[in-house]
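Heads up, the thing below is written out as structure tokens.
The values are calculated or read from the model by the stated rules, or taken from the named source; none is laboratory data. What you see is a predicted model, and the numbers here were worked out from it, not measured in a lab. FYI the Cβ positions are ideal-geometry reconstructions off the backbone, even for glycines, and counts take in every protein chain you see.
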Amino acid sequence: MRPIHMVDLKSQYEKIQAEVDAAVLDVIRSTQFINGSEVKKFQEDLENYLGVKHVIPCGNGTDALQVAMMALDLKPGDEIITTSFTFVATVEVIALLGLTPVLVDVLPDTFNIDPESVKKAITPKTKAIVPVHLFGQSVDMEPLLELAREHNLHIIEDNAQALGADYIFKDGTRKKAGTMGIIGCTSFFPSKNLGCYGDGGAIFTHDDELAKKLRIVVNHGMEVRYYHDSVGVNSRLDSIQATILRIKLARLDEYAAARRKAADYYDQAFKDHPRITVPARSSFSTHVFHQYTLIIKDLNQFELQKFLGERGIPAMIYYPVPMHMQKAYQDPRYKEGDFPVTEMLSKSVISLPMHTELDEEQLKHITESVLEYLNQ
Ligand SMILES: *Cc1c(COP(=O)(O)O)cnc(C)c1O
């Protein structure tokens, strides 16, 4: 059997090696490493794919979130509502900018932010909501968009994990995750759905004025060279990453289909087990399976992780410690027990290998091993 990886970037690369190698060499020979034509072309390709007016490439997904909040002129004291069950970057940038993170619980089936809890958390100081499309599925956006309209709030979508997923409105309209809020953010970290071979990220918006501002913020607060009208950052995507991303973007839907096929295999194997809940597939979103995450009753996750590891199967726990329980984000407003769903999930989730290159032999070994552990 081929070795099993959490994400098999090597096998995926080998299938596009000739194309990638030639494109990377072209960039090197052009010596247009920064702001080259490949970056502009990738930007246009992604705008077309997402159906969004502006894509602003940047250095990584964390920068994308930070730049979004800077461009919206959010100020210390402003409250930003987000989820306690996420990767730290979402909460980190809120704290870094001196804004106040207001955490809320998630829904047990999708792991995504609970619109009812968001509604209850809105105060006169609330300025924005940051929904995170976790593990490859869009948040239920319609209730959040309604709340945002009603209370005049910005929605900044953290779409680092669900690039390519479609949100389906009640009237049947489809929009890509990341293109429904005032700003959407994504990451091209190598293991993400659209991963480059280093760091990368992007910001999306339909708003012309905001796009202009975002471009100024990522470029040292500079519109005219060496004239700085606002404090900015330096955050850019380089041409080598852009050329690789163009090649992979053309295959993004094919990659999602390959992951969905692996997810179907997992679902079949696990769906009838009394202790296992397989990932929900909600009616309002397609699933692009950034992660395949099981909820398992009465589980010692670390013991299962070790058991699988001994059989050559990597598994990960996303996320073992909710944000309100992290040392760095301790806050007298929060204590253990405040977010029961998040806390339950952090104790009972386990993510299995999920990527485009899983074959049936590997999937069989993984599913049999998980069931062996649970049935022993
Ligand atoms: C990966 C990720 C980020 C950050 O992306 P980087 O490119 O690693 O900075 C932000 N939010 C979520 C939910 C992520 O999964």
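Output the residues belonging to region 146-166 that are closer than 17 Å to Val93 by Cβ and either within 16 Å of the ligand (Cβ to nearest atom) or among the aromatic types (Phe, Trp, Tyr) (or both). Result: Ile155, Ile156, Glu157, Asp158, Asn159, Ala160, Gln161. Does Pro143 satisfy being outside any helix (DSSP H, G or I) and either more than 13 Å from the ligand (Cβ to nearest atom) or closer than 27 Å to Val321 by Cα (or both)? No: the conditions fail for Pro143.
On the stretch given as region 305-358, residues that are surrounded by 19 or more Cβ atoms within 10 Å (Cβ to Cβ), in contact with a His (Cβ under 8 Å, 6 or more places away or on another chain) and aromatic (Phe, Trp, Tyr) total 1. Entry remark, region 223-279: residues being in a loop (DSSP other than H, G, I, E, B) and more than 16 Å from Leu352 (Cβ to Cβ) number 17 in total. The set of residues in region 195-209 that are in contact (Cβ under 8 Å) with a residue 60 or more places away in the chain and either outside the structural domain of Ile34 (by TED's automatic domain parsing) or surrounded by 20 or more Cβ atoms within 10 Å (Cβ to Cβ) (or both) comprises Gly195, Gly200, Gly201, Ala202, Ile203, Phe204, Thr205. If you go through region 210-228 and keep only what is buried (at least 16 other Cβ atoms within 10 Å of the Cβ) and of a type in the set (Lys, Arg), you end up with Lys213, Arg215. Taking the condition over 20 Å from Asn48 (Cα atoms), touching a residue at least 24 places away in the same chain (Cβ under 8 Å) and among the hydroxyl-bearing types (Ser, Thr, Tyr), does Tyr266 pass? In short, yes. Residue-level check: of (1) in contact with a strand residue (DSSP E or B) (Cβ under 6 Å, 6 or more places away or on another chain); (2) outside the structural domain of Pro57 (by TED's automatic domain parsing), Ala257 misses just (1).
Touching a residue at least 40 places away in the same chain (Cβ under 8 Å), within 14 Å of the ligand (Cβ to nearest atom) and in contact with a Phe, Trp or Tyr (Cβ under 8 Å, 6 or more places away or on another chain): is that true of Thr82 in this structure? The answer is no for Thr82. Regarding Val55, is this residue touching an Asp or Glu at 6+ places or on another chain (Cβ under 8 Å) and not basic (Lys, Arg)? Criteria met by Val55.
If the condition is being part of a loop (DSSP other than H, G, I, E, B), away from the ligand (no atom under 11 Å from the Cβ) and among the basic types (Lys, Arg), then region 167-210 contributes only Lys170. Using the structure shown, decide if Glu14 is over 30 Å from Ala263 (Cβ atoms) and in a helix (DSSP H, G or I). No: the conditions fail for Glu14.
When you check Pro3 against the structure, is it surrounded by fewer than 21 Cβ atoms within 10 Å (Cβ to Cβ), in a loop (DSSP other than H, G, I, E, B) and not assigned by TED's automatic domain parsing to the domain that holds Tyr197, yes or no? So Pro3 passes the test.
Checking each residue in region 61-77 for being more than 10 Å from the ligand (Cβ to nearest atom), small (Gly, Ala, Ser) and crowded, with 24+ Cβ neighbours inside 10 Å picks out Ala68, Ala71.
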